[in-house]
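The structure appears below as structure tokens.
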Amino acid sequence: MSTRRASLRFYNPRVTGPLRLTVNGAPHELRDAPDTPLLEVLRDRLGLTGAKYGCGEAQCGACVVLLDGQPVPACITTIASAAGRAVTTVEGLAPDGELHPVQQAFIEADALQCGYCTPGMVVAAAALLRATPRPNDAQIMSAMQSHLCRCGAYARIVKAVHLAAQRTAS
Amino acid sequence: MTPPRQIATTPEFGGGRATIPPAAPSTTEPAPNNVAHYLSFDPDGGVSVHAGKAEVGQNVRTSLAQAVADELRLPFERVRVVLADTSRVPFDRGTFGSRSTPDMVPRLRRAAAAAREALIDRAAERWEADTSALLSRDGSVVHAETGQALSFVELVPEQWLDVPFDDDTPLTPATEWTVAGTSAPKPSARDMVAGTHRFASDVTLPGMLFGRTLRAPAFGARLESVDLSAARAMLGVVALHDGDFVGVAAPTAHLAGRALAALRARWTSPERRVSDWGLYDSLKKEEGQTEGGRQLAERSRQEAGSVADALPSAKRVLRATYTNA
């Protein structure tokens, strides 16, 4: 069972008692098993269904969220490994309803079709631009290569990241 | 004749119920052919399109709305699309084979064209005017000479038009389309980038369980025995065994995964070993060995022209083998 193998990788048996983590700025106390996937807590417990379950094996990128600003696949990230850290989901990019420049650029560049991979793509692109405000094509592709888009919108996704970069880096 | 069914109109656009003719719930019967199956005239002046198609990234919401907007002469923004909800849409065989545009667009165009003519007829009756002076514009039927206007809402207060259409219902020629063929913003894009668009997997219901099935370790392996007790001992877990099928369900997906991992199954080891490696050769070998295999091979073989003749005159030759196994 790959999910089982994956969760063992992150499982820290020394963690006991409730786990505390921050999601989009709000503190949460969890009493779930420490090897519970972060994705499950986000989606089924906290109702944050933006991050998607795709493959469950960290191969598709649909579940990507930020952990202390770094993109991680939430499907194989245990809540134990997220304890004490700040989780940002796609919902957290636009907390007051005003879209993040990456989200706006995805709309304008028509960088989505079915939209299932989009939350993960958007989150990864936002993290990329924080670290690299003006990425070139190679840097964008490198940052986004672990994200699969079955509709094949890749060229427009690269275009959208460039568009967001132009607007935010000045 | 099946009795007419009651259909709830979209609650977010005014609710209410209306009686519409029954849709044909069979693959052999012709597609539903009444305007009331497809279009509702909503109290706010918009029109809702009901189609049994699913939006799976082909942007069918846009193309279907465009077709209806064109025929009704209604602004694109005032057309809503209700898809896939089988309690609200007419029967459809499904979304497959790139058929949504070639099948559903002409059907909706015919429904909308028939609706437009019926609306014009209703207005002509009210005004005792000749239909030739009337046209549909911007959500109303207007009289070209007097300037009189009746909105769709005034003309169809019951929201549904019981008007049949068929393959001969005249359509607007493509050269006169004003909406289809133009770029339109994706209706659900904002929700999708914000993560608030709800996909089927985002819907949870009270008491819902998450299921996992046990897969055979090899192609052709048969289940010899399975011990469900460890899985069943887990709180809230259901485990089922029927023939070679074994499945578990649990209140969370994670617990379902643990329950699945706790199953102790013994499988036969098939003599014929097929894996990802060598799958093509294995299939190829079997192709000629069964009557079904021979028929399938015959059906899927397509030849046109001559590769041997064309190769010498090709400017550039690339050689590679592609298989889909």
Condition met for B:Arg110 (in contact with an Asp or Glu (Cβ under 9 Å, 6 or more places away or on another chain), within 21 Å of B:Asp167 (Cβ to Cβ), open to solvent by 30 Å² or more (accessible area, probe 1.4 Å) and assigned to a helix (DSSP H, G or I)) = yes
Note on B:Ala265: of the conditions (1) facing chain A (nearest Cβ under 10 Å); (2) open to solvent by less than 50 Å² (accessible area, probe 1.4 Å), unmet is (1)
Within segment A:55-73, residues out of contact with any Lys or Arg (no Cβ under 8 Å at 6 or more places or on another chain), in a loop (DSSP other than H, G, I, E, B) and touching a residue at least 24 places away in the same chain (Cβ under 8 Å) come out as A:Gly56, A:Glu57, A:Ala58, A:Gln59, A:Cys60, A:Gly61
Quiz item: Can you find a residue in segment A:150-159 that is within 14 Å of chain B (Cβ to nearest Cβ) and within 30 Å of A:Arg20 (Cα to Cα)?
Solution: no
Listed by range, helices (runs of 4 or more DSSP H) wholly within segment A:74-142 having at least 1 residues that are out of contact with any strand residue (DSSP E or B) (no Cβ under 6 Å at 6 or more places or on another chain) and of a type in the set (Asp, Glu) are A:90-93, A:101-108
Expected single match for without any contact (Cβ under 8 Å) to a residue 40 or more places away in the chain, open to solvent by less than 50 Å² (accessible area, probe 1.4 Å) and in contact with an Asp or Glu (Cβ under 6 Å, 6 or more places away or on another chain) among B:Gly293, B:Gly288, B:Gly278 is B:Gly293
Filtering segment A:26-68 down to residues that are hydrophobic (A, V, I, L, M, F, W, C), more than 11 Å from every other protein chain (Cβ to nearest Cβ) and open to solvent by 30 Å² or more (accessible area, probe 1.4 Å) yields A:Ala26, A:Leu46, A:Cys55, A:Ala58
Filter segment B:184-222 for residues that are at the interface with chain A (Cβ under 8 Å from one of its Cβ atoms) and hydrophobic (A, V, I, L, M, F, W, C); the one that is nearest to B:Ser269 (Cα to Cα) is B:Phe199
Considering segment B:113-144, residues that are in a loop (DSSP other than H, G, I, E, B) and charged (D, E, K, R), and then whichever is surrounded by the fewest Cβ atoms within 10 Å (Cβ to Cβ), we arrive at B:Glu128
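The values are calculated or read from the model by the stated rules, or taken from the named source; none is laboratory data. Here the structure is a predicted model, which is why all the values come from computation and not from measurement. Virtual Cβ from ideal backbone geometry, glycine too; neighbours counted across all protein chains shown. What goes into the accessible areas is simple: the full protein's heavy atoms, side chains included, and nothing from ligands, DNA or RNA. Shrake-Rupley method; radii C 1.70, N 1.55, O 1.52, S 1.80 Å.
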